[in-house]
Amino acid sequence: MIDDILKDAGTRMKKSVDALEQELTRLRTGRAHPSLLDHVKVDYYGSETGLAQVANINTEDARTLTVTPWEQGMVKAVEKAIINSDLGLNPNTAGTVIRVPVPPMTEERRKDMVKVVRGEAEGAKVAVRNIRRDANSDLKMLEKEKEISKDELRKGEEEVQKRTDAAIADIDSVLEKKESELMEV
């Protein structure tokens, strides 16, 4: 039973770290990266579809993405979706290839982005701490129902804390990596 609780807590903490990493890949660093357009949705014959589902996205150079729709008729829709996204990008169309220049970020914008990144990381830490609280309360419930002893409860809580510390260390390393990426000129 303790192992199930620990396994569940560990899995949920890992998902919190993974969700943070996924969220941070969407934040712009001034460098062109295909994942920058991951959350852009295109009107594909009446349904909202991810850009990667209707086009090929590549990095041409450090500051330019190229988007090549699978269908000729989708060029305008893809261009419109990129313009309407919250990324502030202005695509240039040349036939069937859409070039998306990624403008360099200003110092002020970089500092704002670092604040956003820190906020996201703090949210992930709160989620991990909530998972710790849930796991500890589950362990205490088992002890209250006399299914485990006080020693097993203490060992279980220590293991939950170890996993919490590891997850928070992972979040801190992800945060540090993203901050250095953002402040890089």
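The values are calculated or read from the model by the stated rules, or taken from the named source; none is laboratory data. A quick note: this is a predicted structure, and the numbers were derived from the prediction, not measured. Quick reminder, even Gly has a Cβ in these numbers, built from the backbone with ideal geometry, and neighbours come from all protein chains shown.
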- Could you list all residues from the stretch 100-109 that are at pLDDT 80 or above and either surrounded by 14 or more Cβ atoms within 10 Å (Cβ to Cβ) or among the hydroxyl-bearing types (Ser, Thr, Tyr) (or both)? Val100, Pro101, Val102
- Item | In the stretch 1-51, the residues that are hydroxyl-bearing (Ser, Thr, Tyr) and touching a residue at least 24 places away in the same chain (Cβ under 8 Å) | Ser16, Thr29, Tyr44
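Here is a yes/no grid of residues against (1) within 22 Å of the chain's Cα centre (by Cα); (2) among the acidic types (Asp, Glu):
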site	(1), (2)
Glu108	no, yes
Ala124	yes, no
Ser137	no, no
Met141	no, no
Leu153	no, no
Gly156	no, no
Thr164	yes, no
Val174	yes, no
Met183	yes, no
- Query: Within the stretch 151-163, is there a residue that is surrounded by 12 or more Cβ atoms within 10 Å (Cβ to Cβ), of a type in the set (Val, Ile, Thr) and modelled with pLDDT of 90 or more?
  - Reply: yes
- Right, Asn92: over 23 Å from Asp172 (Cβ atoms), at pLDDT 85 or above and in contact with a Lys or Arg (Cβ under 6 Å, 6 or more places away or on another chain) or not? yes
- Task: Would you mind stating whether Leu139 is surrounded by 14 or more Cβ atoms within 10 Å (Cβ to Cβ) and in contact (Cβ under 8 Å) with a residue 24 or more places away in the chain?
- Result: yes
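Looking at this structure, is Glu71 over 17 Å from the mean Cα position of the chain (by Cα), loosely packed, with under 13 Cβ neighbours inside 10 Å and either of a type in the set (Gly, Ala, Ser) or more than 30 Å from Lys155 (Cβ to Cβ) (or both)? Give the steps one after another, and end with the answer.
On the way: over 17 Å from the mean Cα position of the chain (by Cα): yes; loosely packed, with under 13 Cβ neighbours inside 10 Å: no; either of a type in the set (Gly, Ala, Ser) or more than 30 Å from Lys155 (Cβ to Cβ) (or both): yes.
No, not satisfied.
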- Selection from the stretch 41-58 of residues out of contact with any Leu (no Cβ under 6 Å at 6 or more places or on another chain) and within 14 Å of Trp70 (Cβ to Cβ) yields Tyr44, Tyr45, Thr49, Gly50, Ala52, Gln53, Val54, Ala55, Asn56, Asn58
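To keep it simple, each residue is scored yes or no on (1) among the polar types (S, T, N, Q); (2) more than 30 Å from Gln161 (Cα to Cα); (3) part of a helix (DSSP H, G or I).
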| residue | (1), (2), (3) |
| --- | --- |
| Leu65 | no, yes, no |
| Thr68 | yes, yes, no |
| Glu108 | no, yes, yes |
| Arg118 | no, no, yes |
| Ala127 | no, no, yes |
| Arg132 | no, no, yes |
| Ala135 | no, no, yes |
| Asp138 | no, no, yes |
- Task: Out of Val78, Val128, report the one residue that is at pLDDT 90 or above, β-branched (Val, Ile, Thr) and out of contact with any Gly (no Cβ under 7 Å at 6 or more places or on another chain).
- Result: Val128
- Message: Just to check your reading of the model, which residue among Ala77, Ala81 is touching a Phe, Trp or Tyr at 6+ places or on another chain (Cβ under 8 Å), more than 14 Å from Arg31 (Cα to Cα) and in a helix (DSSP H, G or I)?
- Response: Ala77
- Considering each of Val114, Val174, Val126, Val97 in turn, give the residue that is β-branched (Val, Ile, Thr) and within 30 Å of Tyr45 (Cα to Cα). Val97
